[in-house]
Amino acid sequence: MANIISFINQKGGVGKTTSAVNTASYLAEAGKFVLLVDLDPQGNATSGLGIDPRHVEHSLYSTMVGKGNVRDAIVGTGIEGLHIIPATADLAGANVELVDVENREFRLYDVLRQVRTDYDYIIIDSPPSLGVLTINGLVASDNIIIPVQAEYYALEGLGQLLETIDLVQNNLQPKLQIMGAVITLFDRRNRLAKQVVREMRQHFPGRVFENIIPRTVRLAEAPSFGQSISVFDSFNKGAKAYKALAKEIIALENK
C-alpha cells in the first residue's frame, strides 16, 4: 500500500512543485516505485519532467470527472520507477464541474485507491490554493509535507493552511497526518533566512525536516530542460539536499 503524500502550500513560489518532483525522483532512485500526481492545472510538474501537456491524451482531469481510466492516464517519466499522472489546463474546469457532484472531495481518493497497491509512494503536487482540488489532495493523502520558503513572510498563511488541515482531519480524513515542513530556497548568506529556520523549529518542534533545500540556479534551471535535478545535475548541492530529504522521508516511515 503506497504512502500517499501531498506537498501543499497555498502560497505560491515556495518551491512546492520543485520539492514534489525532486523528492519523487529520489524516492525512485532509492529503489521505490513512485507515482507523481500533478494536481495543479498549471501542469508544472508535468512539463518539468519533459511531458508536453498539450500532447497528453489521458490526464488527471479525465479520471477525476469520470471520463477515463486512471491506468490509461499513467505515463513513464524516463526515470526508472517513477510514473506520473499528468495535468492539463482542463483540470482548472474541475473546480467548477465538481461543485454539484456528490462526495466531490473524494474524487481523487477514489481514483488513487485503484492503483495504490502498485506503488510504494504516491506524491501529490497540489495547486497553490485551498480550493476543491487541494481539498481532494488532502482527503486522498495519508501525510502532508509543507514546503516553506526561508523568507520574511514564511509563516504568513500557515495558520490558514493548518486550520484547513484541521477541518479535513475532523470532517473528511481523520487519518491525515502532517509529516513535517521542509525549508526551501535557503540562502546561507542571508541572516534573515537563518532566523526563519530558527523560528520554524521553535514554532513547530519536531515537525521541521532536518534537511534544508538551498536556493540554487541549477534547481531553477532543471524544469526548463524537462528534467529532475537528479538527471540534470546530480552533483548540485540542491540535488544532494533532495536526495537527503528522500532518505529522511523513508527513515520516518520505517520508524
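The values are calculated or read from the model by the stated rules, or taken from the named source; none is laboratory data. Everything numeric here is computed off the predicted structure, so don't read it as measured data. Cβ coordinates were reconstructed from backbone atoms using ideal geometry, including for glycine residues, and neighbour counts include every protein chain displayed.
Of the candidates L192, L185, L172, L162, the single residue that is of a type in the set (A, V, I, L, M, F, W, C), surrounded by fewer than 17 Cβ atoms within 10 Å (Cβ to Cβ) and within 21 Å of T216 (Cα to Cα) is L192.
Contact annotation: no residue pair with Cβ atoms under 9 Å, 6 or more positions apart or on different chains, pairs a residue in region 243-255 that is under 15 Å from A2 (Cα atoms) and assigned to a helix (DSSP H, G or I) with a partner that is among the β-branched types (V, I, T) and modelled with pLDDT under 95.
Does region 50-76 hold any residues that are modelled with pLDDT of 90 or more and acidic (D, E), and which are they? Correct list: D52, D72. Take I84 and tell me if it is in contact with an Asp or Glu (Cβ under 8 Å, 6 or more places away or on another chain), among the aliphatic types (A, V, I, L, M) and within 15 Å of Y242 (Cβ to Cβ). Against the criterion (in contact with an Asp or Glu (Cβ under 8 Å, 6 or more places away or on another chain), among the aliphatic types (A, V, I, L, M) and within 15 Å of Y242 (Cβ to Cβ)), I84 does not qualify. Candidates are the residues of region 157-205 that are under 22 Å from A140 (Cα atoms), part of a helix (DSSP H, G or I) and of a type in the set (S, T, N, Q); the one that is modelled with the lowest pLDDT is Q160. Scan region 144-156 and give yes if some residue there is of a type outside the set (A, V, I, L, M), outside any strand (DSSP E or B), surrounded by 18 or more Cβ atoms within 10 Å (Cβ to Cβ) and at pLDDT 90 or above, otherwise no. Checking region 144-156: not a single residue is of a type outside the set (A, V, I, L, M), outside any strand (DSSP E or B), surrounded by 18 or more Cβ atoms within 10 Å (Cβ to Cβ) and at pLDDT 90 or above.
The set of residues from region 77-94 being modelled with pLDDT under 85 and surrounded by 17 or more Cβ atoms within 10 Å (Cβ to Cβ) comprises just one member, A94. Within region 206-213, is even one residue free of Cβ contacts under 8 Å to residues at least 60 places away in the same chain and in a helix (DSSP H, G or I)? No.
Contact annotation: residue pairs with Cβ atoms under 7 Å, 6 or more positions apart or on different chains, pairing a residue in region 81-95 that is more than 10 Å from G43 (Cα to Cα) with a partner that is buried (at least 24 other Cβ atoms within 10 Å of the Cβ) and of a type in the set (V, I, T), are G81/V34; L82/V34; H83/T77; I84/T46; I84/T77; I85/V37.
Suppose we keep only residues that are in a loop (DSSP other than H, G, I, E, B) and small (G, A, S) within region 83-131. Which one would you say is nearest to M1 (Cα to Cα)?
At the first step, the residues of region 83-131 found to be in a loop (DSSP other than H, G, I, E, B) are 86-90, 98-103, 114-115, 119-120, 126-131.
Checking the rest, the ones that are also small (G, A, S) come to 87, 89, 126, 129, 131.
Values: A87: 24, A89: 30, S126: 21, S129: 28, G131: 27 Å.
Checking each candidate, the answer is S126.
State which residue is farthest from the chain's Cα centre (by Cα) when the search covers only region 69-128 and only residues that are closer than 19 Å to L172 by Cβ and among the hydroxyl-bearing types (S, T, Y). That would be Y109. Of a type in the set (S, T, N, Q) and either closer than 30 Å to R207 by Cα or not in a helix (DSSP H, G or I) (or both), is that true of N136? So N136 fits the description; yes. For region 226-237, the tally of residues that are touching a residue at least 40 places away in the same chain (Cβ under 8 Å) and part of a helix (DSSP H, G or I) stands at 3.
Say we look at region 225-255 and pick out the residues that are over 23 Å from E80 (Cβ atoms) and at pLDDT below 95; which of these is surrounded by the fewest Cβ atoms within 10 Å (Cβ to Cβ)? The qualifying residue surrounded by the fewest Cβ atoms within 10 Å (Cβ to Cβ) is K255.
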